[in-house]
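Presented below is the structure to which this report refers.
Where a number appears in this text, it was derived from the coordinates with a stated rule and is not lab data. All of these numbers come straight from a predicted model, not from anything done at the bench. We place every Cβ from the backbone using ideal geometry, glycine too, and count neighbours over all the protein chains shown.
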């Protein structure tokens, strides 16, 4: 893999490794940690976090457009109507992660999301803003809020939503700002 040229910007370590790609850096610089609202956008992130479980995030980013196409732009009502034929179609789609449990969980989650205000529900678990971590050792894998979010989502019928995935969702959607203090990305205002 070709190393990206040094642009002089300090980034969070996960986005500034020798294996970083432009796609990965752009995700870090312009998307990760920025407040995200909107049911379809949040459902997409929730779904992609579920698909990422056990895989690298870069794998998911590379397949993201295929996921969007395969899952109807992550329109909740559309995905909630998926049936057996759609599962078979998705299992045959080489452009996405073909894991039956994750595909079925995404459909189940759409059905659960159709019954709630997803934005309000997810953001209700956002903790008060806190200072950015000084280094990666200060970034937790899960928090009391992510455990509570996972518990509530499971209670409402969602699947593939453990505390670690819930925390990753909180990071990705700006509910928490885990960019390191030295990172060039300006502090997030939610």
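Considering segment 31-44 alone, what residues qualify as being under 21 Å from residue 180 (Cβ atoms) and crowded, with 18+ Cβ neighbours inside 10 Å? Lay out the reasoning, then the answer.
Going residue by residue through segment 31-44, those that are under 21 Å from residue 180 (Cβ atoms) are 31-36.
Residues satisfying the conditions are 32, 33, 36.
Within segment 90-116, count every residue that is free of Cβ contacts under 8 Å to residues at least 12 places away in the same chain and touching a helix residue (DSSP H, G or I) at 6+ places or on another chain (Cβ under 9 Å). Full working, then the answer.
Initial filter on segment 90-116 (free of Cβ contacts under 8 Å to residues at least 12 places away in the same chain): 92, 94, 98.
Add one more test, that the residue is touching a helix residue (DSSP H, G or I) at 6+ places or on another chain (Cβ under 9 Å), and what stays is 94, 98.
Result for segment 90-116: 2.
Filter segment 167-190 down to residues that are part of a helix (DSSP H, G or I) and free of Cβ contacts under 8 Å to residues at least 60 places away in the same chain and give me whichever is nearest to residue 43 (Cα to Cα). Show your work before the answer.
Keep residues of segment 167-190 that are part of a helix (DSSP H, G or I), which gives 167-172.
Now restrict to residues that are free of Cβ contacts under 8 Å to residues at least 60 places away in the same chain: 167, 170.
Values: 167: 15, 170: 13 Å.
Result: 170.
Would you check if residue 107 is within 19 Å of residue 68 (Cβ to Cβ) and buried (at least 16 other Cβ atoms within 10 Å of the Cβ)?
yes
Please go through segment 122-161 and pick out each residue that is surrounded by fewer than 18 Cβ atoms within 10 Å (Cβ to Cβ) and touching a residue at least 60 places away in the same chain (Cβ under 8 Å).
126, 129, 136, 159
What are the pairs, 6+ residues apart or on separate chains, where a residue within segment 20-35 that is without any contact (Cβ under 8 Å) to a residue 60 or more places away in the chain has its Cβ under 8 Å from a residue that is in a loop (DSSP other than H, G, I, E, B) and surrounded by 16 or more Cβ atoms within 10 Å (Cβ to Cβ)?
Going by the 8 Å Cβ cut-off, the qualifying pairs are 25/11; 25/16.
Does residue 115 satisfy the condition of being in a loop (DSSP other than H, G, I, E, B) and surrounded by fewer than 18 Cβ atoms within 10 Å (Cβ to Cβ)? Quick ask: steps written out before the conclusion?
On the way: in a loop (DSSP other than H, G, I, E, B): yes; surrounded by fewer than 18 Cβ atoms within 10 Å (Cβ to Cβ): yes.
In short, yes.
For residue 119, work out the one condition from (1) free of Cβ contacts under 8 Å to residues at least 60 places away in the same chain; (2) farther than 30 Å from residue 9 by Cβ; (3) touching a helix residue (DSSP H, G or I) at 6+ places or on another chain (Cβ under 7 Å) it doesn't fulfil.
(1)
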